[in-house]
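Read the structure below first, then the notes.
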Ligand code: SF4
């Protein structure tokens, strides 16, 4: 789908580790694919929490000098894509509250669907908000609850509904919290005398750490006094990992719920190729997220895999360019077809999904202009028919081509010679029948949607 859909955020934390802010910087840099709009790190020196954050990539926000000033052995960080809560500076994370008893910093990946109800409650209780993000709501709730920090975190988590992988840090403690449905990934692993926690395991591997433990749905992990304590705050928790994490967002070298993302994608390609009798000369993938599925399709179909499209990695993202003509130019600048590979060939083009359909049409045109005789599009996910309310910018229902058109109509619209999608049963098979959220494909949301339900009416 090439830039039509966006993950909201990535989080990373380092507990009881020398140079925690530098370690967090490396972690965030590895998670940069999850958000490129803003980046921030909060570090604790056991007296105070110090924060640096700003708009831009992690490498732009932090210099060596800035990191050297951020001393302490505990840190949390965040990379952000800014749809949730808007682009205000006040929404850039970590967000810090400085109370008379303690300071607390928070980073959050996901979206709380009962945020409006919680915000009204907090405002009626006298809380004043600086920004519009749901992360600030969580921070206020933690402050307002009774008891120890652990008890406050526990009772706050019980009141939240939606998608959240959250890290909370006080001057001396850290908490990793995952929502009751396990919608967003969150794992941790041992490093030196401490631990690192992150949205994806690729952020551990860059530090030379090759094993990890998942924070389970409905679980809180407390890091305190050098000890890790696991706590369940919801006994009814169940597994609904966002299918899009596997299909598109996560890096292929990450492992989610014990499944390597590259292997998942390869399997979707294999499943797509089964029972597909299309006659073609080559299989190509739309770089980068569709290459694994294209390899799987090629292996299963025994049609040769080729590199027919090349991505220019150093061009700005198309979505920040507002007009349609700018978007058109954007795709051309970002993606090129290789005439020497596709000319005169019948091509199977694998893409991970179709959102608005405009990008797919441009890519099909690129291939035909480069001389492809036929372009058969195969999509390594089901048709997207419903918006996401769990922290992913999938456009509104009106913009989703799958909500408006049949498969045949989409095929004509994108000017392909044929078009096929996966079905949800195949998707589940690729995930070893582990629970998945598939709401954007089938409209079955795994939580109450509160005020967001109105969008679907
Ligand atoms: S609705 Fe789609 S994008 Fe949103 S969490 Fe579910 S599977 Fe992921």
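The values are calculated or read from the model by the stated rules, or taken from the named source; none is laboratory data. Because the structure is a prediction, the values reported are computed rather than measured. Note: ideal-geometry Cβ built from the backbone for every residue, glycine included; neighbour counts use all protein chains shown.
Some notes on this structure:
- Filter pass, residue 352 being more than 26 Å from residue 112 (Cα to Cα), within 15 Å of the ligand (Cβ to nearest atom), surrounded by 17 or more Cβ atoms within 10 Å (Cβ to Cβ) and within 23 Å of the chain's Cα centre (by Cα): yes
- Selection within region 380-393: residues that are touching a residue at least 60 places away in the same chain (Cβ under 8 Å) and surrounded by 24 or more Cβ atoms within 10 Å (Cβ to Cβ). The member of this set that is farthest from the ligand (Cβ to nearest atom) is 380.
- Remark: residue 130 matches the filter, which requires a residue to be exposed (fewer than 14 other Cβ atoms within 10 Å of the Cβ) and more than 23 Å from residue 450 (Cα to Cα).
- When we screen 419, 366, 427, 456 for residues that are within 11 Å of the ligand (Cβ to nearest atom) and touching a residue at least 24 places away in the same chain (Cβ under 8 Å), the only hit is 427.
- In region 191-247, of all residues being within 18 Å of residue 177 (Cβ to Cβ) and without any contact (Cβ under 8 Å) to a residue 24 or more places away in the chain, the one that is farthest from the ligand (Cβ to nearest atom) corresponds to 227.
- When the residues of region 248-263 are filtered to those that are touching a helix residue (DSSP H, G or I) at 6+ places or on another chain (Cβ under 8 Å) and within 16 Å of the ligand (Cβ to nearest atom), the one that is modelled with the lowest pLDDT is 249.
- Taking the criterion of being modelled with pLDDT under 95 and assigned to a strand (DSSP E or B), the only residue of region 37-52 that qualifies is 38.
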